[in-house]
Amino acid sequence: MTKPTYFVEEDKILTSLFDAGLDNLHLKKPGASPMYAERLLTLLPEDYHGKITVHDHFYLKEEYHLRGIHIDNPATAVPAGYRGKVSRTCSDINMLKEMKRQSDYVLLGNIFNSQTDPLQTSNFNANELEEAARRGLIDRHVYAVGGMNTDNIRMASDLGFGGIVICGDLWNRFNIHQQTDYQELLSHFEKLRKLIG
């Protein structure tokens, strides 16, 4: 998932991440003008547009031939007439079955405490997650989000999640105000990919 704010080196970093094997980028910039999203998308190679899912400004999906749209609020309906991939956020295991019916895949979280926002704490304990996995609620259509890092990726994999969403663990390795060299971030991405693989 993208950093919540835009920054100067972002298009170069995202292109490098795609080059290194990133298969789905969630473009999430809460409250930002669509003009900035359009600018970022024009700076990214068109070959990678089909690997981008937008959380806002859903018209971008068609205009830039993106992968799909993401709906963060479980009460929000898919836009009328929309055709394409839909993903959703779910923070309640009891709603997971219904969210899966309405989506191509679901981001379930927060699995662990956020590494960037102390107010975003885990919504589940280990027993709840194990029970959800046992009941088949967690499967290849459910991705773990929230606090994911090198220490807990294996646990998410063992529970049967179809994938993980990395945000803070990756972006904390690049200071947008002071750095121009993002090699540490790319090296960490490679490490994460090996752990997931």
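The values are calculated or read from the model by the stated rules, or taken from the named source; none is laboratory data. Computed from a prediction, not measured in an experiment: that's the story for all the values here. Cβ placement follows ideal geometry from the backbone for every residue including glycine, while neighbour counts extend to all protein chains displayed. Protein only, heavy atoms only, side chains kept; ligands, DNA and RNA dropped before computing areas. Shrake-Rupley method; radii C 1.70, N 1.55, O 1.52, S 1.80 Å.
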Approximate spin-label separation SER187-ARG39, in nm, with each point projected 7 Å along Cα-to-Cβ: 3.1
Partners for LYS97 among aspartates and glutamates (Cα-Cα distance below 13 Å; same-chain residues under 8 apart left out): ASP139
Mean-position separation - Cα centroids, region 51-75 and region 115-191, in angstrom: 21
Extended-chain gain in nm, criterion 0.36 nm per residue less alpha-carbon gap, MET155 and ALA126: 9.5 nm
ASP158 - accessible surface, heavy atoms, 1.4 Å probe, Å² rounded to 10: 120
Contact order normalised by residue count of region 1-147, Cα under 8 Å, 6+ apart, percent: 15
Cα gyration tensor category, rounded, prolate or oblate, for region 1-84 with a/c compared to 1.5: prolate
Accessible surface, region 39-125, averaged per residue in Å² (probe 1.4 Å): 55
Principal axis dimensions, the chain - Cα atoms, whole angstrom, descending: 44, 41, 30
